[in-house]
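Here is the structure we will look at, set down as structure tokens.
Any read-out appearing in this document is the output of simple, stated calculations on the displayed coordinates, not a laboratory observation. Fair warning: this is a prediction, and the values are worked out from it, not measured in the lab. Every residue, glycine among them, receives a Cβ derived from its backbone with ideal geometry; neighbour counts consider all protein chains shown.
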Amino acid sequence: MTTIEMTVDGVRYQDEVEPRLLLVHYLRDRLGLGGTPIGCDTSNCGACTVQVDGVSAKSCTMLTVQADGSEIITIQGLAKDGRLHAVQQAFHDEHALQCGYCTPGMIMAAVDLLRENPDPSDQEIRDGLEGNLCRCTGYQNIVRAVHSAATTEARS
């Protein structure tokens, strides 16, 4: 067992973990944060994307011990004071989800994209979300939602 410390969605945790425990399993099974889905376990789908020290990372291929000392934000940690994050709200407003399985990862990747590029083109959005798969929406509404969130963020 290895001792780790990290902050997840603003809460500090110290825990003993198996060195081989994947971050997605730690978040879901140990911390009860079921908003981060387990998709493919191979980093192909991106459903499990979280922010690690401000950068999106696929938690199904990251060991928990690799996140020791880090700040983790999950889809559940984006909302503040009962208000959805601008990207979460835009996905809702623009109907950028159907089954919702990919949505947490898409949103987390979009937050990272907009942090680096606050006014992306359609192609830059598509490139920025390339590692996240959606089998339902055809991506048009997802691209529209990211544009909407960028506009909202620029106004705030």
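Worth a mention:
- Tensor-based shape of segment 49-156 (alpha-carbon gyration tensor, a/c under 1.5 rounded, otherwise prolate or oblate): prolate
- Extension reserve of the Glu130-Cys99 stretch, reckoned as 0.36 nm per residue once the Cα distance is removed: 9.3 nm
- Distance between the modelled labels on Glu5 and Thr152, one decimal in nanometres: 3.5 nm (7 Å Cα→Cβ projection).
- Estimated inter-spin distance, Glu71 and Glu16, nm [label 7 Å along Cα→Cβ]: 3.0
- A straight chain from Gln140 to Asp119 at 0.36 nm per residue would run longer than the Cα-Cα distance by 5.9 nm.
- A Stokes-Einstein calculation at 37 °C with viscosity 0.692 mPa s, built on the Kirkwood radius of segment 2-77 over Cα pairs, returns a diffusion coefficient of 275 µm²/s.
- With Cα atoms, 0 to 90° folded angle of helix 140-155 axis to the chain main axis: 90
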